[in-house]
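Report on one structure; see the data block that follows.
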Amino acid sequence: MKLSVDIIQRQAKMRAHTATHLLHYGLEKLLWSTKQAWSLVDNDLLRFDFSCKDPISAWDLQMLESTINSWIQHGVTVNTNEMSMDEAKETWAKAFFEDKYGDTVRVVSIAWSVDDDLDLHSVELCGGIHVGNTSDIWAFKIIEHSAVAAWIRRISAVTWTKVAQEAHSYESRLHSLAQRLDCQPKQLEEKIEKILGDLAHLQADHASLQGKIICTHLDEFHQECELPSAWSARWKGCVLNISWTDLEHHSFKEVVNAAKWKRTQRNRILYTNEGNFAIYTWTWDLSAKDFAKQQGLKWGGSDQFVQGKDEKIKEVV
Ligand SMILES: [Zn+2]
């Protein structure tokens, strides 16, 4: 019993290993120049890390996958030959020549030539186990493409029946997603578009409601406001020390935006104890900019509206 399990696992590793050689060659065709950085071969599962600066596009990944599947479907013989290192170098076998190899090396070659697009000429120095023919792999599916370090990217893929398992798992995820959204799997795109549209509307409504709530707070504060002594008496305005207990979870930026919207009603200085401030003027002969300059505040903005962060604002008001 143990022996048969071992054989099953050995065959699963053989399929993944030969598929790794096909992937390596496919990537060289696609990227022109790349180098293997690390590779893992497991039961019908492989991970291949290689040098590559930019992500590979979804289209290129699909083409790579379908090219590898063509090589698999056309049943190309996998040849293994032992030879001297010098002979191996003449075959242009891919190898880590910085690694130590013995006098005799094993060369695994998979070659097939039909047209330029599907041309296959994989030759690698390799001591691992392989299938005798690419058709033994049955199918190949990329399940991950990601960056693992600067200039190093990873492709993970499955072979044989794991391809079907992967498809089933995607299918059941799609079905459960469709069920949650109360539609058929083929209606998912349409449904998601609608949900995103509704969400955008709700967010816009929410923002306008937030603004109104803040404005109500600002109105309540009007009565308690006093003019700053530094301001001319002709300024009809108010100073608000924004207290977060009054405005709860609203940010200073939200308050500033809401008050800006109400600018036509009052001149205002809004500030916090941390030194955030905003100054608005609505009468055109009054300049928020000039006031900030006179008081020596660090500010940015326009004639009628300035804002900044300066502890000095507390002395000014
Ligand atoms: Zn190998």
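The values are calculated or read from the model by the stated rules, or taken from the named source; none is laboratory data. If you're wondering where the values come from, they're calculated on a predicted model, not measured in any experiment. Reconstructed Cβ throughout: ideal geometry from the backbone, glycine too, with neighbour counts over all protein chains shown. Only protein heavy atoms, including side chains, enter the accessible area calculation; ligands, DNA and RNA are left aside. Shrake-Rupley method; radii C 1.70, N 1.55, O 1.52, S 1.80 Å.
Within the range 268-300, take every residue that is outside any helix (DSSP H, G or I) and open to solvent by 60 Å² or more (accessible area, probe 1.4 Å) and give me the one that is modelled with the highest pLDDT.
LYS298
I'd like to know if the range 139-150 contains one or more residues that are within 16 Å of the ligand (Cβ to nearest atom), among the charged types (D, E, K, R) and either assigned by TED's automatic domain parsing to the domain that holds ASP42 or in contact with a His (Cβ under 8 Å, 6 or more places away or on another chain) (or both).
No, the range 139-150 contains no residue that is within 16 Å of the ligand (Cβ to nearest atom), among the charged types (D, E, K, R) and either assigned by TED's automatic domain parsing to the domain that holds ASP42 or in contact with a His (Cβ under 8 Å, 6 or more places away or on another chain) (or both).
Determine whether SER135 is away from the ligand (no atom under 16 Å from the Cβ), more than 34 Å from the chain's Cα centre (by Cα) and farther than 30 Å from LEU188 by Cβ. Please lay out each step first, then the result.
Values: away from the ligand (no atom under 16 Å from the Cβ): yes; more than 34 Å from the chain's Cα centre (by Cα): yes; farther than 30 Å from LEU188 by Cβ: yes.
Considered against the rule, which asks whether it is away from the ligand (no atom under 16 Å from the Cβ), more than 34 Å from the chain's Cα centre (by Cα) and farther than 30 Å from LEU188 by Cβ, SER135 comes out as yes.
Pick from the range 51-67 the residues that are among the small types (Gly, Ala, Ser) and out of contact with any strand residue (DSSP E or B) (no Cβ under 8 Å at 6 or more places or on another chain): which of them is farthest from ALA147 (Cα to Cα)? Even if it seems obvious, please write down each step before you answer.
Applying the first criterion (among the small types (Gly, Ala, Ser)) to the range 51-67 yields 51, 57-58, 66.
Checking which are out of contact with any strand residue (DSSP E or B) (no Cβ under 8 Å at 6 or more places or on another chain) leaves us with 57-58, 66.
On the way: SER57: 13, ALA58: 14, SER66: 22 Å.
It comes out as SER66.
Please work out which residue is most open to solvent (accessible area, probe 1.4 Å), limiting yourself to the range 39-75 and to residues that are within 13 Å of the ligand (Cβ to nearest atom) and in contact (Cβ under 8 Å) with a residue 24 or more places away in the chain.
In the first step, residues of the range 39-75 are kept if they are within 13 Å of the ligand (Cβ to nearest atom); the result is 39-41, 46, 48.
Of the ones still in play, those that are also in contact (Cβ under 8 Å) with a residue 24 or more places away in the chain are 41, 46, 48.
On the way: VAL41: 47, LEU46: 0, PHE48: 1 Å².
Applying the filter and picking the extreme gives VAL41.
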